[in-house]
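Trainee: Encoded as structure tokens, here's the structure I'll be asking about.
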Amino acid sequence: MTTRDKAAGGSSEPTRRAITRALASVAALAVLAVASTAHAEGDGAYGRLDGDLDLRAGAGASFADGGPALCARGAAVYLSTAGVYAHYTDALGAEGAPVARSIAGGVFIQPLFLARYASDLERSAPWLDLFIDSVALGVGSFWEAPPGAGLAAEPGLELSLSLDVPLLGDATGPFLGLRGALRFRGPELSGDDGPRDAQRALLSVTLGWHHVLRAHLVDAGDRAPAQGAAQRGVVAARTR
């Protein structure tokens, strides 16, 4: 072998090793993904029963009369069934926007998960079951600020319907959120005959993260006595 051939072989060897390592990494990720999907398909809960509290956060865009706006939302959900939410929009000073920013908060329910799980209906693909069970109905209050002014003192009523599309087929992971809301301002609810703006419907699209964790919300009262008894036992054992 000539010196040139040796140099060529030596220069290609690191490349082959890098390609091999990359292929091995891809194969490992594929195995983990398949294993995770197989586990999720086996229990029908897809990680939703790994904890009792699901924390969610996301950001994206909202669309209404007057143009799009930046939006962010967060929620805390108990057993993927009921929870509280907060929703924020900001037009970022866009001209022509009837609402500069808004804040909303309330409660919502996701009635399908436990009903379908108890009836052994969680038999589709993980992403499809999670998508169906994500249907949420919400009710809350909202406050809006017109351009150049502060938030209204009188809150309005918000009714919402939301859906979340899982991107990894598991309860913990990234989700694409779709949310539609109907908003009724305070003066309208009180029968005020003054001028009414057209911005009543709001559609939000967000990319967010859901994380299921163990918060022990149900047995929090029982855990404190148990921990106290355990500590007293340790103290007694040390004094013997």
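Derivation of every value follows stated rules applied to the coordinates shown; laboratory data play no part. In this text, all values refer to a predicted model and were calculated from it rather than measured experimentally. Cβ placement follows ideal geometry from the backbone for every residue including glycine, while neighbour counts extend to all protein chains displayed.
Trainee: Apply the a/c threshold of 1.5 to the C-alpha gyration tensor of the range 53-213 and tell me whether it is rounded, prolate or oblate.
Mentor: The shape class here is prolate.
Trainee: Roughly how big is the range 53-213's charge dipole about its Cα centre, with Cβ charges of +1 (Lys, Arg) and -1 (Asp, Glu), in debye to the nearest 20?
Mentor: Charge dipole, the range 53-213, about its Cα centre: 120 debye, nearest 20.
Trainee: At 0.36 nm per residue, and after removing the present C-alpha to C-alpha distance, how many nm does the segment from residue 218 to residue 65 gain when stretched out fully?
Mentor: Stretched out fully, the residue 218 to residue 65 stretch lengthens by 50.8 nm.
Trainee: Sticking with this structure for a sec: Once phi is turned into θ = phi - 60°, what whole-Hz ³J(HN,Hα) does the Karplus curve with 6.51, -1.76 and 1.60 give for every residue of the range 130-140, x standing for Gly and Pro?
Mentor: Working through the residues one at a time gives 5, 5, 4, 6, 7, 4, 10, 10, x, 9, x Hz.
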